[in-house]
1. 7 Å from Cα along Cα→Cβ at both residue 58 and residue 157: what's the point-to-point distance in nm?
2. Helix 99-111 versus the longest principal axis of the chain: what angle, 0 to 90°, nearest 10, using Cα atoms?
3. To the nearest 10 degrees, how steep is helix 154-169 against the longest Cα principal axis of the chain, on a 0 to 90 scale?
4. Counting other C-beta atoms within 10 Å, which of 113, 356, 230 has the fewest, and how do the rest follow?
5. May I ask you to derive the FRET efficiency for residue 370 and residue 262 from their Cβ-Cβ distance with R0 = 22 Å, giving the value to the nearest 0.05?
6. With labels modelled as points extended 7 Å from the Cα through the Cβ direction, what inter-label distance (nm, one decimal) is found for residue 243 paired with residue 327?
7. From the phi of every residue in segment 339-348, what ³J(HN,Hα) in whole Hz does the Karplus formula 6.51 cos²θ - 1.76 cosθ + 1.60 yield, where θ is phi - 60° and glycine or proline is x?
8. Against the longest alpha carbon principal axis of the chain, how many degrees, from 0 to 90 and to the nearest 10, is the axis of helix 262-272 turned?
Amino acid sequence: MPVTTTDTTTETVEDAATTAASVPTSTILNASWVLLPDGWHQNMAIELGSDGVIQAVRPSTSAADADILVPGMINAHSHVFQRTLLGKTQRFQRPEDDFWSWRAGMYRQAGLLTPKSQEEMAFRAFAEMISRGYTSVCEFHYTHGASRMDHGEMPVLMSEAVLRAADRAGIRIRLLPVCYQHAGFGQAALRAEQRSFGLNTNVYLQVIEHLVKESDLGPLQSVGYAPHSLRAVSLDTLHAIQDHRNANLPSAPIHIHIAEQVREVNECVLSTRQRPVEYLMNAMSPDASWCLVHATHMTADERAKLIASKATVCLCPTTEGDLGDGLFPLADYMQEDGHWAIGSDSNVCIDPAEELRMLDWQQRLVGRKRNPFRFDSAMSASTRLYQSALEGGRSASALPVGRIEAGSHADFIELDSQVDLSRGCSPDEVLSAWVYSSHPSLMKRVIVGGSVR
Ligand SMILES: [Zn+2]
């Protein structure tokens, strides 16, 4: 439903260049506190267009109809179907249990999917994301079901099932159909359990074109590209994908899993004589439109090159912890002005606050110090982390989200300043209380595209 205001102020915003027939009607949302890109502001009016886009943000003297508004978080990396694995993969099997043994269970789960079950799983996961404060998701979708495909439509059916689920849940989505062609470096053939992910390059690009041109994308929906990883696609395929993007969807992002596991790094070195980030930098010259998911294992030289490229790293600390991936040196990376976003990845946890505090606590545990990021003390570390993750999510999704400013989508979380955990706190402290507790009493409403979800 549209966001409601207590003073029911509705006014017409006229632009000199706009004809009367197309004059948008705006709703004014007056908030006690708003987190803008430059920090906290008191008593602000946010003009929302009927298209769900913010038209203006300005000081207000009207009574507040919203408490503390912060931008909704962007979930920059998710595989919704893996949500059902979380309780089934925690029993000791053998001393070598790791990402690769977990993956076998994931393959079994993926092999059971149909468009109907895909849609239901996706709907439940997306609805949970909304309830926890994610207002956008980049869904890295590789369960195309191609092994059971009778004709060319199956990969599109599975993608459309995900889009329907997102529409039902009311979440903004950048669907990233995945190109997955090989079982490992050296272009090894897909194994039986991977075949349902496989699409040749032509079919993959047809899926992208079909989704953009014929799938009737909703106002919250867009499509991007996702070569799965350096082990799953060749350099030729990477170039074909980038060329297609440049020619057809130049504003779409490209996401890739890059260096999650030490074994993957070692296999890349054996095959290419370069480490994964090094190889990608040299071969593809990624820019700000690229998102490198799990750039966990990098040398200082790789890290410097990645930061210079302006690409975003997507960190998924709860999944990376669950799978024993390794630790990303976030404090050093932030000191060097690296861009980063957060993702729920396997969805072992769906909670942006928990992802952020885990990133912080990882650094505290390693450094045996509190406040490891050495921010200036004008705002709390949690607000700084929240804002950094918003900016990274905005870049990774290539969508106008993550900021409360004119031209951005009206995607907000409203925090409550009048409950036990927040009463008497500044807005900065309320956001901190939420980031370090995830307490449901602190969140009042989630708004996507100007509508309460
Ligand atoms: Zn992933």
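No lab work stands behind these numbers, since they all come straight from the coordinates. Given the structure is predicted, the values throughout are model-derived calculations rather than measurements. Here the Cβ is made from the backbone with ideal geometry for all residues, glycine too, and neighbour counts use every protein chain on show.
1. Output for this residue pair reads 5.3 nm.
2. Approximately 80 degrees, to the nearest 10.
3. 20
4. Arranged by neighbour count, lowest to highest, 113, 356, 230 become 113, 356, 230.
5. 0.15
6. 4.4
7. Karplus-based 3J(HN,Hα) across segment 339-348 equals 8, 8, 10, 10, x, 8, 6, 6, 6, 4 Hz.
8. 60
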